[in-house]
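The block underneath contains the structure these notes are about, expressed in structure tokens.
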Amino acid sequence: MHYRDADDTYFNIVKTDGATLFASIGRTAFPDTYRAMFGFCAKTNSLKTAMFDAVESNNPYAFKVLFRCFCEHYLRFMYIWSRFVRENSDSIGSEYYSFCGAVEAQDYVSAISMAETLLGNTVVADVKMVLEKLYPEAAKLSKRELEQYSNQFKYRAILKFLAGEQFGFVGKDSPFLAQIVPAYALLSSFVHGGPYTDMEMAGYSEPKALKECEKDAEVVFLMAASVFMCTAAAVSREHSELTSIGARVNQVIKQFVAEDGNES
């Protein structure tokens, strides 16, 4: 089965039942965590679509930039999902929005101040006032405490958590995350315009460059479908009537893996 065909089958389930799944946010005890998971369903799907388009337009460079971003989205989702499944509380969603949101606001205000300074303007930016208004819980923390809380959502901390926790996402029997870790590190050069990209671009006119992207696109499909499937499974713990949604996506994933394995 081609990854495009598998994705069409999977996305038909999203179109049919996605609205019902996402509507559960109006009747849940975990609104922040649901909002975070639903957000990652939408974001990973958008990136997946753009990467598929990059393959179609023979643009390996853009594909790799997006793939790096996609991997980070996936890792953050898995951390949020794993914490939620284990703790069965809204804490992880609240932490995600409060601490990550506060750091982003802090960085934005600092960037505005720097930009105005470069233009010769004087700006007095009250970061604390901004945080108190938008993220009152984070505003209670010192700068060091805020960094410590927000650092849990960074790449290395997430990998350490996933490698050591009960689900066993990283290991000899579960190599999936272990396979994307080297890619994540290597593809950093594409995001930041590093010199490694020059060596890569030298071979982009060769057919094998696009073949590599197509193989990665298969992984992208599996990851995007897994995000939706895991979200549906987590929601179905509270709303058992939605159990079939994740189960049907799981069947599509299993079929694709089985048929792809037979073809290779």
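Quick note: the coordinates plus some simple rules give every number you see, no bench work behind them. None of the values given here were measured: they were computed from a predicted structure.
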Assign one of three labels to the range 1-108, namely rounded, prolate or oblate, based on the Cα gyration tensor with a ≥ b ≥ c the square roots of its eigenvalues; rounded applies when a/c is under 1.5, prolate when it is not and a/b is larger than b/c, and oblate otherwise. oblate
Give me the distance between the Cα centres of the range 20-37 and the range 59-90, rounded to whole Å. 18
